[in-house]
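Chemist: Starting off with a structure, shown below.
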Amino acid sequence: MALRIMVSRHSAFYSPVISTIAAGFLECYGLSAEYSVLAKGQRSSILIHERAADIMQSAVSSNWKAMEQAEFPLPVHFAQINQRDGFYLVCRKAELPFSWKHQ
């Protein structure tokens, strides 16, 4: 099965996905990858909605303008990929102990 993986731009932040593809880790699970970069004028949310990409790596901020303009539905971003790179997740109510499955 080929996964169509697209990133919003070439960035050091996307090294894990590029390394996963380049090192052949997907092949261990019977998968292959078609890697591409979002072209000028393309919108990640539209490509996902139209099933033109299976996985899109993009910044949460890429949808802030759409949110301000009340565009829906918006894609779901998940932050577990950032669990070790200095990003912080905050909530209004303390949930101890923290668990990704509760987010």
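None of the figures in this text is laboratory data; all of them are computed from the coordinates on show. The shown structure was predicted, so the numbers you read here are calculated from the model rather than taken from an experiment. Cβ: placed from backbone, ideal geometry, glycine included. Neighbour counts: every protein chain shown.
Chemist: Obtain the nm distance between the two label points defined at LYS65 and GLU27 by a simple spin-label model: each point lies 7 Å from its Cα along the Cα-to-C-beta direction.
Modeler: Taking the simple label geometry, LYS65 and GLU27 are separated by 4.0 nm.
Chemist: Additional query: What is the sum of charges, Lys and Arg at +1 and Asp and Glu at -1, for the other residues whose Cβ falls under 14 Å from the Cβ of SER36?
Modeler: Spelling it out: positives minus negatives among the neighbours equals +1.
Chemist: Using a ≥ b ≥ c from the Cα gyration tensor of segment 1-56 (square roots of the eigenvalues), is it rounded, prolate or oblate, where a/c under 1.5 gives rounded and otherwise the larger of a/b and b/c decides, a/b for prolate?
Modeler: Working: a/c = 3.02, a/b = 1.39, b/c = 2.17.
Note, shape of segment 1-56 comes out oblate.
Chemist: Under the 0.36 nm per residue contour assumption, what length would be gained going from the current alpha-carbon distance of ARG4 and ARG43 to full extension? Spell out each step's value before the answer.
Modeler: Values: separation 39, 0.36 × 39 = 14.04 nm, distance 1.53 nm.
Here the answer is 12.5 nm.
Chemist: Out of residues 5 or more away from LEU3 or on other chains, whose amide H comes under 5 Å of its own, with H placed 1.01 Å from N in the peptide plane?
Modeler: Placed amide hydrogens put SER32, ALA33, GLU34 under 5 Å from LEU3.
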